[in-house]
Every structure is written in C-alpha cells, then in structure tokens.
Amino acid sequence: MQKHFFTVKEANELLPAIRREIEMLQNIRNEFRQKYLELTTYKKRQEQQAVTDTQDEYIFKMEGSLEFLEIQAQMHVNNIQSQGAQLKEIDPGLVDFPAVINGEEVLLCWREGEEKITHYHGLYDGFAGRKKLD
C-alpha cells in the first residue's frame, strides 16, 4: 500500500473526525480503568475471604466487558490509521499526518486543544521537535 502524504488543508479537514475518535478512545479508556479497578478490588476481596470459586459469574462478566472495551478501542485506533493518520497519544490526543515540506518527508503534528494544524516535525524528532508552519 502506497503511503499517503497530506497537505495541511487535507489534514485539517480530517480533524473533526479525528477529534471524535479520540474522544471515544478517552471515554473507553476511562470506562476501562473504572471497570478494571472494580474487578481487581473484587478479586482482592475474594482472596481475602478465601473464596476459591474460579467460575465466579461477576468476574466472567467483568473480564468479558474489559475485552469488549479493548475491541472497541482498537476499532477507533484503526479508524484513525485507516485514514493515513498516526495516533501518538490518547490523552492528550496527539496525532501526526505524513507530509512533504520543501521536498522533505515530515509529520504534520496536531495536539488536542489546537484548532488546526500549525506545526510539523521531522520523522524522528517527536513532539519536542515541533516547528511552526510558515
């Protein structure tokens, strides 16, 4: 598959969809954390009470719920990647878009909270190496 290079305009046009995907990922992550904490707390309580029933229905349901959340999260990550963007972080949302500037392959860089793409960086520079677009 050929790599897609974005113009700044194309990347900015994708931002509304990217924002929605990141918001969904953040919600899933928060729900996952809460359910994982509930599950680990429940398991510790079971251990302390010396309960040995490993077929516990609550544990089975919670583990199934966590697996489903993982599948949902992967779907949202795939939605971002299938458009050619690169998800770097979920919180805060950080996404790169492959581009070519002055004949050099770079990454247009967007961070959650920014209205539009205003920075880029080299392929190996990361967020710390961001430079302002002209």
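The values are calculated or read from the model by the stated rules, or taken from the named source; none is laboratory data. Computed from a prediction, not measured in an experiment: that's the story for all the values here. Quick reminder, even Gly has a Cβ in these numbers, built from the backbone with ideal geometry, and neighbours come from all protein chains shown.
Scanning segment 116-132 for residues that are closer than 17 Å to PHE6 by Cα and hydrophobic (A, V, I, L, M, F, W, C), which turns out modelled with the highest pLDDT? Ranking the candidates gives ILE117 first. Considering every residue within segment 31-46, establish whether at least one is surrounded by 15 or more Cβ atoms within 10 Å (Cβ to Cβ), of a type in the set (D, E, K, R) and modelled with pLDDT of 95 or more. Taking every residue of segment 31-46 in turn, at least one turns out to be surrounded by 15 or more Cβ atoms within 10 Å (Cβ to Cβ), of a type in the set (D, E, K, R) and modelled with pLDDT of 95 or more. Filtered by the rule that a residue be surrounded by fewer than 11 Cβ atoms within 10 Å (Cβ to Cβ), of a type in the set (Asp, Glu) and part of a loop (DSSP other than H, G, I, E, B), segment 47-67 gives a lone residue, ASP53.
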